[in-house]
1. Please tell me the relative contact order of region B:40-95 in percent, rounded to the nearest whole number, where contacts are Cα pairs under 8 Å and at least six residues apart.
2. Roughly how many Å is it from the Cα centre of region A:6-59 to that of region B:59-97, as a whole number?
3. On a 1.4 Å probe surface of the protein chains, which of B:Arg399, A:Arg74, B:Arg125 comes out largest in accessible area, and what is the full order?
4. Within 10 Å of each Cβ of A:13-23, how many other protein chain Cβ atoms are there on average?
5. Efficiency by 1/(1 + (r/R0)^6): what FRET value for A:Ala104 and B:Asn274, r their Cβ-Cβ distance, R0 = 25 Å, to the nearest 0.05?
6. Arrange the peptides B:6-17, B:34-45 so that the one whose residues have, on average, the most other Cβ atoms within 10 Å appears first.
7. Once B and A are treated as a pair rather than alone, how much accessible area drops out, both sides summed, in Å² to 100, probe 1.4 Å?
8. Just from its helices, what would the mean residue ellipticity at 222 nm be for chain B, if runs of 4 or more DSSP H residues each count -39500 (n - 2.57) and the sum is divided by every residue, rounded to the nearest 500 deg cm²/dmol?
Amino acid sequence: MKNPVPLYELAHCRAGDKGNDSLLVLVPYAPSDFERLRHAVTPQILARHFAVPTPERVSVTPLPSVGALVIVIRGVLAGGVTRASGADPHGKTLSSHLLDLRIAGLPTDPAETGLVAVRPSESSARQRARESP
Amino acid sequence: MSSTPSTPIRIGVGAGFAGDRLDPAIELAEHAALDALIFECLAERTIALAHLARMEGTTAGFDPLLTERVRTTLPAARENRTVLITNAGAADPIAAAAAVKDLVEQLGHGDGVVAAVTGDDVLDRLDLRHSPIFGSEDTLWDIKDRLVSANAYLGAGGILEALDVEPAIIITGRTSDAALFLAPIMHRFGWNPADLDLVAAGTLVGHLLECAGQLTGGYFADGRRKVVPGLARLGFPFAQVAPDGTSLITKLADTGGRIDRMTCLEQMLYEVDNPHAYLTPDVVLDMSNVTLMETQQPDQVQISGAVGRAAPDTLKVTVGVRDGFIGEAEISYAGQGCLARAQMAADIVAERWTDVHNLAGIEITRHIIGLNSCRPWYQPTDYQPPEVRLRLSVLSVHREPAVLLAREVEALYTNGPAGGGGVTSRVRATLGVVSTIIARADVAHKITVLR
């Protein structure tokens, strides 16, 4: 199997912050990708990608009326804008980090992005999503 | 009683943060025929920093760029009957209003009234023992010796009252950002504060506009999938809000940037943790059924569908807390083995930190710019960059360790690995911000009018 493409090929993202939490908006370019994106981008996968200890630190709120996911990653900013001494205390760069995520089950060929096709492998991602808090 | 105007109010944003560009506001003031031009200049921590600066006597307690913004926009604003509204009063809106009133007279607009809205400073009103710190088990009493400031997020009420005197400029301290925009809309149409869907609609307009260039394609463009024309001359947005609360978001035609469904959607959900219940002092905004629709015209999006519920009977309070010092220092390495040399340099500083200076209790944060400085947990294992920059930093209660870190990195020039260049360092006092709440009944706004 070819490497899955990064989310960058399917979606755009904006990062904001509140205290020590990163707030991310993830929007697929094609509205028809919204459903599979919401089932693929689970708290488990996001917790791993952002290296937070548990999926309970992550919430994903779908907003189907506009086709966007609101993602909150708690405690990922090393203290946030007031306390973090690192290079990006706001976590402004984390939108691009999210778009680096590669998820199996999303299309493997960039030319396919925007297609409605639901792949069989997506059902496992959907299963994981159901188990998430 | 006069009838409610049926034409839309035109409301623009001239700054999305304290240091924002000056020229987009001038373009709006001159060419957008605005009723109100808003300068949002007060991030959560900015007001605490302003209190600290005022206490230490280093600067005035208000935004140093405020007078420049007024100087460059007031002449056109007076001509076009545009009221300027800003939260740049920060820790001292009355001093800011006095300085601006002097400027208004110098500019030959002595008839221009300046109004200040205060009442957000609640440091003396908080019951510290019973003020919980959000996200912890503590109360403000536990950190009472470190408190610098406490400012409640006021709603639109104070600005609404100030608008009654038909001022040229209104200057506030801490209010919700959206209230700066909501107030002139409510004032124009005489909306009842209890008509929550209208208040929600006006709040949504404010929330969309408040970051200025972030709505017109700034903080959006990536040059490949999201192409935005004319970023060097990025125009700031304005809205035309109808009496029924629907609004049209747009920008001046001859400015850079773009406005479409994508840019509006990213900004609508920006820094919103719960789109079904976005808390403001005026209303709880529910975005569940908002629609963003592009019109036939370029750079125009029609917004409708905001729903409002009653705001809580408490107000959020931002509390500034002394938090010690941050020291940062950097040094560059290039060419063969540069990454290994940067890591060697970091090891040397770390060893001296514990063995020579006995500072094992203060952790040095080490990052390599070009490899892992933005997301330390995520780095390639087989990457040989052509150059890197080592970045070391500490957060400490006292100033000395922060200064020492800067010296240790500078000493790598002669004592460290080969070819280390371009040392820079910085030591700064840092101010923490925590949040608590206060009962609305304990907060009252006050208007000061300078004629």
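The values are calculated or read from the model by the stated rules, or taken from the named source; none is laboratory data. On a predicted model such as this, the values are computed, not experimentally measured, just so you know. Every residue, glycine among them, receives a Cβ derived from its backbone with ideal geometry; neighbour counts consider all protein chains shown. Just so you know, the surface numbers come from the protein's heavy atoms only, side chains and all, with ligands and any DNA or RNA stripped out. Shrake-Rupley method; radii C 1.70, N 1.55, O 1.52, S 1.80 Å.
1. 50 percent
2. Taking the Cα centre of region B:59-97 as reference, the centre of region A:6-59 is 39 Å away.
3. Working: B:Arg399 110, A:Arg74 85, B:Arg125 135 Å².
From most accessible down to least: B:Arg125, B:Arg399, A:Arg74.
4. Values: counts 1, 10, 3, 10, 2, 5, 6, 1, 3, 0, 5.
Per residue, the average neighbour count from other chains is 4.
5. Values: r = 30 Å, r/R0 = 1.20.
That gives a FRET efficiency of 0.25.
6. Numbers: B:6-17: 22.5, B:34-45: 24.2.
Descending packing order for the listed peptides: B:34-45, B:6-17.
7. 3500 Å²
8. Using -39500 (n - 2.57) per qualifying helix, the result is -8500 deg cm²/dmol.
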